[in-house]
Amino acid sequence: MRHRLATILAAMIVMAASAASAHSPYYTQIAKIRFPDGQVGEVRLLHGDGIVYTDPVRPVIVDQQWRLVALGPIAFS
């Protein structure tokens with residue numbers, strides 16, 4: 001019984017430590033695009049924290065003022 005309790009406690013400590021080491025979401029691979037109306041925008045890849053699984057990645061399209069135009073589906077890298 002003590003061994004099981006020690007194992008559970010150790011697993012909880014490891015999970016808490018990995019959650020504390022998560023990074024903030026960040027952008028990569030920024031590319032300029034031109035919209036049909038002639039304005040210029042950007043496509044960016046937004047990476048999540050991926051604490052338990054690999055980093056979730058989602059394409060984000062923004063206009064010149066960095067206002068959201070579209071979000072793509074979430075994928076895992």
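What the table below lists for this structure:
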{"read-out": "Residues that are surrounded by 15 or more Cβ atoms within 10 Å (Cβ to Cβ) and basic (K, R), drawn from segment 34-77", "value": "R44, R58"}
{"read-out": "Residue tally, condition farther than 22 Å from H23 by Cβ and touching a residue at least 24 places away in the same chain (Cβ under 8 Å), over segment 43-77", "value": "4"}
{"read-out": "Top-ranked residue in segment 1-40 [being among the charged types (D, E, K, R) and more than 17 Å from Q65 (Cα to Cα); ranked as modelled with the lowest pLDDT]", "value": "R2"}
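The values are calculated or read from the model by the stated rules, or taken from the named source; none is laboratory data. Fair warning: this is a prediction, and the values are worked out from it, not measured in the lab. All Cβ positions, even for glycine, are placed from backbone atoms using ideal geometry, and neighbour counts span all protein chains on display.
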